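Report on one structure; see the data block that follows.
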Amino acid sequence: MRIVVLDKIPDDPDLRAAWNGLALRMERPEVFYTYEWAIAVQRAYQASLTPFIFLGYDGESLVGAAALAQRKSGEVVFLTADTGDYCEFLSDASIRREFVDAVFSGLRDAKIEKAVLTNLPADSATARAVSPAATNARYHLHSRLAYACAQVVMGSAEERGVLKQSVLAKKRLRRNMRDLQKRGPVTLQHDTDWHQIEPLLPPFTRAHVARFLETGKISSLIREERRAFLAELARELSQSGWVALSRLLVGDATAAWNYGFRFEGSWFWYQPTVNALYSDFSPGYCLLAKIVELACDSLEFNMVDLGLGAEGYKDRFSTATRQTLYCELNENLASHLRSVIRYRASSMATASPRVEKWARSTISRAAELKARVRKEGLGTLPARLLRRVRHSLYSLETVLFFEWTADEHNQKVSSTRLCPLDSEFLGTAAIQYGDDAAAMRFLMRSAQRLSLGQGRGFVLLTADGTPVHFCWTKDFEGFQMAELDRTLQAPCKDASVIFDCFTPESARGHGFFSEAITMLADQLRSQGKVPWIFGASTNLASVRGIRKTSFAYRFSLGRRKILLFNRVKDSIPDRSATENRASAA
């Protein structure tokens, strides 16, 4: 076998045809093995991955292909590892051992110290070839199970019928479909043409990002390269009809999406998401049920593959699982042993929810500390540590409260506009400020508050629709004030408090905070509310921004902490005077 090593996949129709011929002859063909998938990754991830492609030839015939890549750290991985649910060495099974041997020898000759091959199907001929090939190339191998991919296998005609009836008989499905149908006719649409898919990708992306924020996670789609990859992939796969963007529609509105694939008898549930407006009716569950129903009715499909991830809803549909492997090759014995020990320690930690939570929290704090040191320098740590110690022993927290005093609508001409915050705006903002850690924490908090109905959120937009400031409002009476750990009593009837205002770092310095709270106060005033806002006395920027508007200082609340003892230190307003001012207004 003659091996050719490339650092770039050429745009070559002959190579495309030969590569896909190998993919289709695999024991279990997958769309992730295609030339189209590899070329889409290469285009989208060129800033972080350098292709390391091994092609095996018998004469002039392509008999093997391994799409690997090298990260900036020097580690070699599958080119498609970050995007594909299954990754493979492509060849006929009869020569797989020979081809894997040749690739591992090539890695050794290139002085690669570490290679990580993940998402390798455990039932493939490659899995059996890895260990002897690693030994021959003098690599230390650490292999373990990685994921169990849930699958819905169709089976015979009789089995298809039984499966379809069991899906349609689910009470949850019938109930949710009835509730959705009350809001409009429910239909399914499966778009496979690039010109149909292209305009659907932005709203799909925003919905996916917003949904993740709501669940306390960060979507991979906030990264530009991931969004570029999905677009490139859809453009490439649509030429063969292998991509399908499925939607559950309620009237003209999309309630759920699945960016998936229909390839060689498999319908793949790859990247689903839902519209937050319909999340109470489990539209994603309904969409998956309908896809399974369609697959049961069509002899074109023999399975619906639910892919990586152990989400609970998959268990309600799956009839089988497929295991994948994580294989790590290390030239250095010490590195190999560290990897084994790290994995075993991690396995022990996950066995105890309490230990796992502590470990994740520790890792998260360490990552934040590392990022702060990178940004501010090591010299700031002692002063920061001293402030924390001092604050734990003694602290005085004072919060200033301001009342809106303008009687008429603010007439200032502005190019910005204040809009109610919804999942669309949250998704847009997360994509815009994905590199701003503080902004992402705020947006995650806002998404969860929005889903629970804990107040009303607003977003300030520039003329081009860019979100630049966010704020929330809620009834003053009974407001839970986290800063002072207390419940507030309204100083007057119909008082509303503006709280949790945030401007992303890159948008600061333009007066958006003052502009937003002025617009919101005007809205509240027009609704018969008495607007209030507060700010910590130590947050000078916030207090200055408030004082630039028609908010006037009225009173303060405070708390002094000495060791474990708290003492209230308040300047309480004259409630009757405040009521009289509100009535006069």
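Things worth noting here:
- Gyration tensor verdict on segment 224-300 (Cα atoms; rounded if a/c is under 1.5, prolate if a/b is larger than b/c, oblate otherwise): oblate
- Cα-based shape type of segment 442-499, given that a ≥ b ≥ c are square roots of the gyration tensor eigenvalues and the cut on a/c is 1.5: prolate
- Compared with the direct C-alpha span, the chain from SER94 to ASP435 gains 118.0 nm at full extension, assuming 0.36 nm per residue.
- Note on GLU264 and ARG175: the model spin-label points, each 7 Å out from Cα along the C-beta direction, lie 4.1 nm apart.
- Whole-Hz couplings from phi, Karplus 6.51/-1.76/1.60, listed for segment 185-197; x for Gly and Pro: x, 9, 9, 10, 9, 10, 8, 10, 8, 4, 5, 7, 6
- Within segment 1-108, trypsin sites (Lys or Arg not before Pro) in DSSP loop having at most 12 other beta-carbon neighbours inside 10 Å: LYS8, ARG25, LYS72
- Accessible area per residue for the chain is 49 Å², calculated with a 1.4 Å probe on protein heavy atoms, without ligands, DNA or RNA.
- Sparse-neighbour loop sites [chymotrypsin sites (Phe, Trp or Tyr not before Pro); segment 111-196; at most 13 other C-beta within 10 Å; DSSP]: none
- Accessible surface of segment 54-138 [probe 1.4 Å, protein heavy atoms]: carbon and sulfur percent: 43 percent
- Rounded percent of accessible protein surface that carbon and sulfur make up, segment 202-241, 1.4 Å probe: 45 percent
- For segment 401-520: rounded, prolate or oblate by the Cα gyration tensor [a/c cutoff 1.5]: oblate
- Near-label residues of segment 494-516 by backbone N, under 18 Å of a point 7 Å along Cα→Cβ of GLN454: 497-502
- Partnerless cysteines, meaning none of the other Cys C-beta atoms lie under 4.7 Å away, in the chain: CYS87, CYS149, CYS286, CYS296, CYS327, CYS419, CYS492
- Exposure of HIS195 as accessible area (Å², to 10), given a probe of 1.4 Å and all protein chains: 140 Å²
- Options (1) 26; (2) 34; (3) 47 - which one matches percent of Cα pairs over 44 Å apart as calculated here: (2)
- Net charge of the neighbourhood of ASP92, taken over other residues with C-beta under 13 Å away and scored Lys/Arg +1, Asp/Glu -1, is -1.
- Extension reserve of the GLU27-GLN46 stretch, reckoned as 0.36 nm per residue once the Cα distance is removed: 3.8 nm
- Ranking MET1, MET444 by solvent-accessible area of protein heavy atoms (1.4 Å probe, all protein chains present), from largest to smallest, gives MET1, MET444.
- Modelled spin-label separation between ARG342 and ASP407, with each label point placed 7 Å from Cα along the Cα-to-Cβ direction: 6.9 nm.
- Rolling a 1.4 Å probe over the protein heavy atoms leaves ASP315 with an accessible area of roughly 110 Å².
- Rel. contact order, % - alpha carbon contacts under 8 angstrom, at least six apart, segment 42-155: 20 percent
- Rounded to the nearest 0.05, the FRET efficiency derived from the C-beta distance between ASP475 and ILE218 at R0 = 22 Å is 0.10.
- Listed residue pairs exceeding 32 Å between alpha carbons, taken from LYS8/LYS314; LYS474/LYS548; LYS217/LYS474; LYS72/LYS217: LYS8/LYS314
- Working from Cα pairs under 8 Å separated by at least six residues, relative contact order for the chain is 13 percent.
- Förster-model FRET efficiency, 56 Å R0, ARG445 and MET1, C-beta, rounded to 0.05: 0.50
- Amide H partners (placed H, <5 Å) of LYS493, local residues excluded: none
- Multiplying the residue separation of ASN136 and SER61 by 0.36 nm and removing their Cα-Cα distance gives an extension gain of 24.4 nm.
The values are calculated or read from the model by the stated rules, or taken from the named source; none is laboratory data. Just so we're clear, the structure is a prediction, and the values are computed from it rather than from any experiment. Quick reminder, even Gly has a Cβ in these numbers, built from the backbone with ideal geometry, and neighbours come from all protein chains shown. In case anyone asks, the SASA skips ligands and DNA or RNA and just uses the protein heavy atoms, side chains included. Shrake-Rupley method; radii C 1.70, N 1.55, O 1.52, S 1.80 Å.
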